[in-house]
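What follows draws every value from the coordinates through simple rules; no lab data is involved. Quantities reported herein were computed from a predicted structural model and do not represent experimental measurements. Heads up, the Cβs are rebuilt from the backbone with ideal geometry, glycines too, and the neighbour counts pull from every protein chain shown.
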Amino acid sequence: MTSAPSSLPELKGPPTGVGALAMRERRLAYMMLLPTFFIVLSIVIIPLFANFWISFKSVELGDLRAARPMINEQLKPRPKADGHEVILRYRMRNSSKKEALRNITFSDEIPTGLTLVTNSNGQIDDGRCLVADQQINCDIGTLAGGERLDLKLPVVASQVYLDNGVRPRDTKPLAAYETSNVLTSLDFTLANFEKIFSAQEFWNVLRVSFYYTIFGTVGALVLGLFAAQILHTAFRGRAVLRGLFLFPYVAPVIAVAFAWVLLLDAGPGGTFNAMLQQMGATTGPINFLGQTNVDVSIFGLTFQFPMALTTVIIFESWRYFPLSFLFILARMQSISSDMYEAAEMDGATPFQQFWYLSLPQLLGILSVLFLLRFIWTFNKFDDIFLLTGGAAGTRTLTVDVYEQAFAVSNLGAGAAVAVVVFVVLLTFSLIFFKFSPQDDG
């Protein structure tokens, strides 16, 4: 007799989806990231959005302060006797040169003892104003941008006014008005971008920016690589030299820029020019920071050499090579010495060891440094501004932002140039991340 097979429980697979514990951990992680998110939002995204917003508006420095009526109250001449008729004067102007003020009204309290002169109907001749219980209310209407208004109301002073010591300026007129703000309006324009792209100067500034950034970045990396290669070898006094090599980077930029200006001065106090002339290298002083181009002849070919721009690039390379030096030296010290010992036993020269062993191991850190230095150098403003002020062919996009926004007072054009800087750096970063080499180590 056979028994019926017992039913076996159905086997279930591993659980799917997100469990309760994982959900709590996820919520906790999001809550911990909220402060970071708000910090990034406040210091990065909001200013970036504001810059884009202003770039599409015709905004000048004067537009940062909203239009409002400026009212100055005077009583002239000063009453000297009971019954003396004088003029209560309200001088008003629109603080904005472009935006109009609409539906302007203001009210003011007239001191006791002053009575406005009325006509036979008991009304003020100026139909824009009404008075009741020592309170004057005026309906001005509209003031165009920069328009002024002079409102003169005759009043009679009594002995009460002369005795009480209260004067019209003791109470300020209260104004109400309507106006539009170019910053908050929804009117946008491409005039700023049309202006900068149509100017030949902009394309020259863009070319100078790339020239300065590329050569300044490469110069800093090459100097940092040489310094790291030299100080990677053990010798007496190496620690002292490592500290000295950091001086250009840690020294205040104002101090080192001022020192370079003194050294390269074309006047009698220029130390470097004096040394060159004493050695017979030059017959006269060279204006390193003030001369745009200098003619150079090589093998019968004459070309113009950008003197001031090259000097600024040399300063950029010298000042920021210690950062590259630190990163490259740290990467060198992490490379195993077994490869070099094996290569030396195989007869590899020091240059071959560097080219075939060290350099492939350093490509990763060099690519990261190139990206960082390119972005920082392209955004650099203080070095050029302190050395040349953007003159003599050294005007870059960041200097152009300052010139447009503050020297010319055109904030919209300055913001448009800043948007161009952002787009250039974003494009470069995306291309760099796509094709950058990877570290072999």
Which residues' amide hydrogens lie under 5 Å from the amide hydrogen of SER96, considering only partners 5 or more residues apart or on another chain, with H built in the peptide plane? ARG68, GLY146
Percentage relative contact order, the range 318-424, counting C-alpha pairs under 8 Å, at least six apart: 16 percent
As an exercise, use a Förster radius of 45 Å and the Cβ-Cβ distance of ALA81 and LEU174 to find the FRET efficiency, rounded to the nearest 0.05. 0.90
Kirkwood Rh over alpha-carbon pairs of the range 292-384 plugged into Stokes-Einstein at 10 °C, 1.306 mPa s gives a D in µm²/s of 96 µm²/s
Connecting C-alpha atoms closer than 10 Å in a GNM of the chain, tell me which of PHE374, PHE351, PHE56 has the biggest fluctuation. PHE351
Can you pull the one-decimal nm distance between simple spin-label points at LEU426 and LEU28, each 7 Å off the Cα toward Cβ? 3.7 nm
Length added when fully stretched, SER198-ASP163, from 0.36 nm per residue minus Cα-Cα: 5.8 nm
Rounded to whole Å, √(5λ) for the Cα gyration tensor eigenvalues of the range 361-441, largest first, gives 31, 15, 7
With springs connecting C-alpha atoms under 10 Å apart, model the chain as a Gaussian network and identify which of ILE298, ILE286, ILE87 has the largest mean-square fluctuation. ILE298
If the elastic network links every pair of Cα atoms under 10 Å, which of GLY224, GLY127, GLY412 fluctuates the most in the Gaussian network model of the chain? GLY127
Let me have the 222 nm mean residue ellipticity of the chain computed from DSSP H runs of 4+ only, each contributing -39500 (n - 2.57), with the sum over all residues rounded to the nearest 500. -14500 deg cm²/dmol
THR36-LEU130 pseudo-label distance in nm [points 7 Å out on the Cα-to-Cβ vector]: 6.3 nm
Alpha carbon centre of the range 131-203 versus the range 56-121: separation in Å? 8 Å
Which value, in nm² and rounded to one decimal, describes the direction-averaged projected area of the C-alpha convex hull of the chain? 53.2 nm²
Relative to the longest principal axis of the chain, what angle (0 to 90°, nearest 10) does the C-alpha long axis of helix 20-40 take? 60 degrees
Considering the options VAL368, PHE351, PHE385, tell which one lies farthest towards the positive end of the dipole of the range 331-441, charges being +1 on Lys and Arg and -1 on Asp and Glu at the Cβ, about the Cα centre. PHE385
Explain nothing, just compute: Karplus ³J(HN,Hα) = 6.51 cos²θ - 1.76 cosθ + 1.60, θ = phi - 60°, for every residue of the range 171-176 in order, whole Hz, x for Gly and Pro. 10, 8, x, 9, 10, 10
For the range 209-262 and the range 375-394, compute the distance between their C-alpha centroids and round to whole Å. 18 Å
Unit-weight point scatterers at every alpha-carbon of the range 31-167, Debye formula, q = 0.10, 0.14, 0.15 1/Å: log10 I(q)/I(0) is -0.53, -0.75, -0.82
Only Lys, Arg, Asp and Glu count, each charged at its Cβ (+1, +1, -1, -1), so figure out the dipole size of the range 119-161 about its Cα centre, rounded to 20 debye. 80 debye
Dipole magnitude of the chain about its Cα centre (Cβ charges: Lys, Arg +1; Asp, Glu -1), debye to nearest 20: 380 debye
Taking only the alpha carbons of the range 91-232, the radius of gyration and the largest Cα-Cα distance, Dmax, both in angstrom, are 31.1, 102
Under the Karplus relation 6.51 cos²θ - 1.76 cosθ + 1.60, θ = phi - 60°, what is the ordered set of whole-Hz ³J(HN,Hα) values for the range 72-89, x standing for Gly and Pro? 10, 9, 9, 10, 9, x, 5, x, 10, 8, 5, x, 6, 8, 10, 10, 8, 10
Spin-label model distance (nm) - SER334 vs ARG238, 7 Å beyond Cα toward Cβ: 1.9 nm
Which whole-number percent gives the relative contact order of the range 272-333, counting Cα pairs below 8 Å spaced six or more residues apart? 21 percent
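With the contact rule set at Cα under 8 Å and sequence spacing of 6 or more, what percent relative contact order holds for the chain?
Relative contact order comes out at 18 percent.
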